[in-house]
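Enquirer: Handing you a structure now.
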Amino acid sequence: MDLLLVDAFTNDSLPMHLLTLEAIQTYSKRLTSEGLIAFNITNRNLNLAPILNAAATLSGYQAVLIENPIDRPGSTDFLPAPRTEIRWLNFVPKGLAIPAWPGTQTKGLDSARAWTDSYGSLLQAFRY
């Protein structure tokens, strides 16, 4: 495969097993040498970017965060403002050119301890 989309993190129930180093190794085995893994990490309560950034580094990928803020006029949510963002963190093979899309960030990403099949802590991911 050239692209694997992992889109399971926008709900309140987080499938942590899809974010572990072992899972990423399994995904990588199915990809071509220039294949990408794209994680939709849009979530109101959790910031998964630091955990996935650490996993990308340990797995030989470069993490590319793409954020697209959108306005939601007339929202009746409990959010402080009628604004949200769509967030994708992509695993790009090192050495592959990265397009300069609006909202793309490749440098200065926070990093946390990567999750494995024997370690994972939601406390790392909570937005305070």
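The values are calculated or read from the model by the stated rules, or taken from the named source; none is laboratory data. Just so it is clear, the structure is predicted and the values come from calculations on it, not from any experiment. Positions of Cβ are backbone-derived with ideal geometry, glycine not excepted, and every protein chain shown enters the neighbour counts. These accessible areas exclude ligands, DNA and RNA; they are computed on the full protein's heavy atoms, side chains included. Shrake-Rupley method; radii C 1.70, N 1.55, O 1.52, S 1.80 Å.
Enquirer: Sort out which residues of the stretch 51-67 are over 23 Å from K29 (Cα atoms) and within 10 Å of the chain's Cα centre (by Cα), and write them in order of number.
Expert: Result: I66, single match.
Enquirer: From the list R83, R44, which residue is at pLDDT below 75 and either open to solvent by 30 Å² or more (accessible area, probe 1.4 Å) or within 11 Å of the chain's Cα centre (by Cα) (or both)?
Expert: R83
Enquirer: Any idea how many residues of the stretch 12-39 are part of a loop (DSSP other than H, G, I, E, B) and either open to solvent by 100 Å² or more (accessible area, probe 1.4 Å) or among the small types (G, A, S) (or both)?
Expert: 6
Enquirer: In the stretch 50-59, what count of residues is obtained for those that are outside any loop (DSSP other than H, G, I, E, B) and farther than 14 Å from L18 by Cα?
Expert: Counting residues in the stretch 50-59 that are outside any loop (DSSP other than H, G, I, E, B) and farther than 14 Å from L18 by Cα gives 5.
Enquirer: Go through the stretch 24-33 and count every residue that is in contact (Cβ under 8 Å) with a residue 12 or more places away in the chain and either closer than 25 Å to L122 by Cβ or among the polar types (S, T, N, Q) (or both).
Expert: 6
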